[in-house]
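To start, the structure under review is shown below, and the notes come after it.
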Amino acid sequence: MELKQLLDEVKFDDKGLVVAVAQDYKTNDVLMVAYMNKESLEITLKEKSVCYFSRRRNCIWRKGETSGHVQYLKGLYYDCDADAILLKIEQKGNACHTGAYSCFFNKVYEEDAIDRSILYKVYNQIISRRDNPREGSYTNYLFDEGLDKILKKVGEETSEVIIGAKNKNKEELVYEICDLIYHSLVLMVSEKVTIADLKAELTKRHK
């Protein structure tokens, strides 16, 4: 669809704004809700970096212009009534001004379910710790110590998994596997390996 056709299709309110929902394109987590006007929508599509309109400051607002927490556009949709925009984005750092990855961290109710995106969440949190160090963070300690320390922990946790299995203790085994997965994800971030890289390799093996 051409830009002019999109701008004609979308129903902006009497202030020239439309609601925009930002969703992580990997995990499908909803990260934030903001507003766009025609100019910010045009900038977003042209630059492939999300731009909003700030109602408080009454001006165009490029996400991450001061924080560095940029949102790269991966997809853009509008709903059946053409009065809401869905942005599929790659989030760098955190979406929320509080420092949380998503603005929607106040849980009221959630039915028990298998969360298939948990690896992405942990992976993204590790990236966030790397890019925004926190005092006392174990993840930051590992990055500060470097590759040899990370590899040592991966080796140690591998041994712990073997011991847990030999002990025939499911609870212990689950705990140690989670430790191994976490340290493996730290290693992946350290060496710039993504979950998408793993998915691509596994897909090749199981065609």
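The values are calculated or read from the model by the stated rules, or taken from the named source; none is laboratory data. Just so we're clear, the structure is a prediction, and the values are computed from it rather than from any experiment. For neighbour counting, all protein chains shown are included, and Cβ atoms are generated from backbone atoms with ideal geometry for every residue, glycine included.
For the stretch 11-37, the set of residues classified as touching a helix residue (DSSP H, G or I) at 6+ places or on another chain (Cβ under 8 Å), surrounded by fewer than 17 Cβ atoms within 10 Å (Cβ to Cβ) and at negative phi consists of 12 only. Looking at (1) in contact with a helix residue (DSSP H, G or I) (Cβ under 9 Å, 6 or more places away or on another chain); (2) assigned to a helix (DSSP H, G or I), which is the one condition that is false for residue 99? It is condition (2) that residue 99 fails. Filtering 41, 6 for residues that are out of contact with any strand residue (DSSP E or B) (no Cβ under 6 Å at 6 or more places or on another chain), part of a helix (DSSP H, G or I) and crowded, with 18+ Cβ neighbours inside 10 Å leaves a single hit, 41. Counting the residues of the stretch 44-88 that are part of a loop (DSSP other than H, G, I, E, B), in contact with a strand residue (DSSP E or B) (Cβ under 8 Å, 6 or more places away or on another chain), basic (Lys, Arg) and closer than 21 Å to residue 103 by Cα gives 2. Whether a residue is loosely packed, with under 11 Cβ neighbours inside 10 Å and either in a helix (DSSP H, G or I) or aromatic (Phe, Trp, Tyr) (or both) was assessed, and residue 196 passes this test.
Screening 109, 120, 175 for residues that are part of a helix (DSSP H, G or I), closer than 23 Å to residue 23 by Cβ and aromatic (Phe, Trp, Tyr) leaves exactly one candidate, 120.
Each row is one residue, and each column tells you yes or no for (1) part of a helix (DSSP H, G or I); (2) out of contact with any Asp or Glu (no Cβ under 8 Å at 6 or more places or on another chain).
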| site | (1), (2) |
| --- | --- |
| 130 | yes, yes |
| 141 | yes, yes |
| 151 | yes, yes |
| 160 | yes, no |
| 168 | no, yes |
| 183 | yes, no |
| 187 | yes, yes |
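For (1) within 25 Å of residue 94 (Cα to Cα); (2) at pLDDT below 95; (3) not hydrophobic (A, V, I, L, M, F, W, C), each residue gets a yes or a no:
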position: 116; (1), (2), (3): yes, yes, yes
position: 119; (1), (2), (3): yes, yes, no
position: 149; (1), (2), (3): no, no, yes
position: 153; (1), (2), (3): no, no, yes
position: 162; (1), (2), (3): no, no, no
position: 175; (1), (2), (3): no, no, yes
position: 179; (1), (2), (3): yes, no, yes
position: 199; (1), (2), (3): yes, yes, yes
position: 207; (1), (2), (3): no, yes, yes
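Every condition in (1) under 29 Å from residue 196 (Cβ atoms); (2) out of contact with any Ser or Thr (no Cβ under 6 Å at 6 or more places or on another chain); (3) not hydrophobic (A, V, I, L, M, F, W, C) is met by residue 4 except one, and the failing one is (1).
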